[in-house]
Amino acid sequence: MLCLTHAYDYGTYRVLLNGEPAGGPIDLYSKTIEVHDHSLGDHELPPGEHTIRLECTGRNPQSTDQRLGVDSVRLRQRWLVKRPVVKP
């Protein structure tokens, strides 16, 4: 999960995980400054080093620049066994 800033001067980016696209391009333009989560999908990653790369593909016509703001990167391991849903 990537937590990215959206603002009036931000560009459009594609995300690569180990050189492979992880979802479609993300338009980071917004009239106001906001932070949104963007899922990279489910990937089986073996132990070792991995690379997340963000490449600028342009910008929204309303954007004044092509900036990028990465607030956080969150990784989590999925459970191998499906757990039952617990209802309150």
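The string of couplings for region 15-24 from the Karplus curve (6.51, -1.76, 1.60, θ = phi - 60°) is 10, 10, 10, 6, x, 10, x, 10, x, x Hz, one whole number per residue in order, with x for Gly and Pro. Other residues lying with their Cβ under 10 Å from the Cβ of Arg67 contribute a combined charge of -1, Lys and Arg counting +1, Asp and Glu -1. Sites count as exposed loop sites when they are trypsin sites (Lys or Arg not before Pro), lie in a DSSP loop, and have at most 14 other Cβ atoms within 10 angstrom; the longest stretch of the chain without one is 32-73.
Proximity of backbone amide H atoms, modeled 1.01 Å from N, is registered between Val35 and His6 at under 5 Å, excluding neighbours fewer than 5 places apart on the same chain. For region 17-71, GluC sites (Glu not before Pro) are listed when DSSP marks them as loop and at most 12 other Cβ atoms sit within 10 Å of their Cβ; the list is Glu44, Glu49. Counting Lys and Arg as +1 and Asp and Glu as -1 over every other residue whose Cβ lies under 12 Å from the Cβ of Leu40, the net charge comes to +1.
Neighbour counting of Cβ atoms within 10 Å sorts the residues Thr12, Thr64, Thr32, fewest neighbours leading, into Thr32, Thr64, Thr12. Working from Cα pairs under 8 Å separated by at least six residues, relative contact order for the chain is 42 percent.
Using every pair of separate Cα atoms, the Kirkwood estimate puts the hydrodynamic radius of the chain at 14.6 angstrom.
All of the numbers you see were taken from the coordinates with simple rules; none came from a lab. All values derive from a computational prediction rather than experimental measurement. We place every Cβ from the backbone using ideal geometry, glycine too, and count neighbours over all the protein chains shown.
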